[in-house]
Amino acid sequence: MKQPVVSCTPDIVGGTAVFHGTRVPVQTLLDYLEAGESIDDFLEGFPSVTREHVIAFLEEAKDRVIEAAS
């Protein structure tokens, strides 16, 4: 079974969506990207998140947007 990309647990950051296995909210990545920062900048600031986490999250988000638009 594929490991989840994002998890929400009440006892981790109050149930905020975080990268699975970390305490880093996915919203933080989106904030970085919105501000014009790169994925590398984000990864440098949050070493518990891997590039694979980020790519998997973006792929999943892309798939959901495309599915919702279809």
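Quick note: the coordinates plus some simple rules give every number you see, no bench work behind them. Please read these numbers as outputs of a predicted model, since none were measured by experiment. Using ideal geometry, Cβ is built from the backbone for each residue, glycine included, and neighbour counts are taken over all protein chains shown.
Ranking of His53, His20 by neighbouring Cβ atoms within 10 Å, starting from the fewest: His20, His53. Judged by the mean number of other Cβ atoms found within 10 Å, the most tightly packed of the peptides 3-13, 59-69 leads the ranking 3-13, 59-69. The overall shape of the stretch 8-69 is oblate: from the C-alpha gyration tensor, with semi-axes ordered a ≥ b ≥ c, the ratio a/c is 1.5 or greater and a/b is no larger than b/c. Backbone phi angles across the stretch 14-20, fed through the Karplus curve with coefficients 6.51, -1.76 and 1.60 (θ = phi - 60°), yield HN-Hα couplings of x, x, 5, 5, 10, 5, 3 Hz in residue order; Gly and Pro are listed as x. Between Ala17, Ala56, Ala35, the Gaussian network model of the chain with springs among Cα atoms under 10 angstrom shows the greatest mean-square fluctuation at Ala35.
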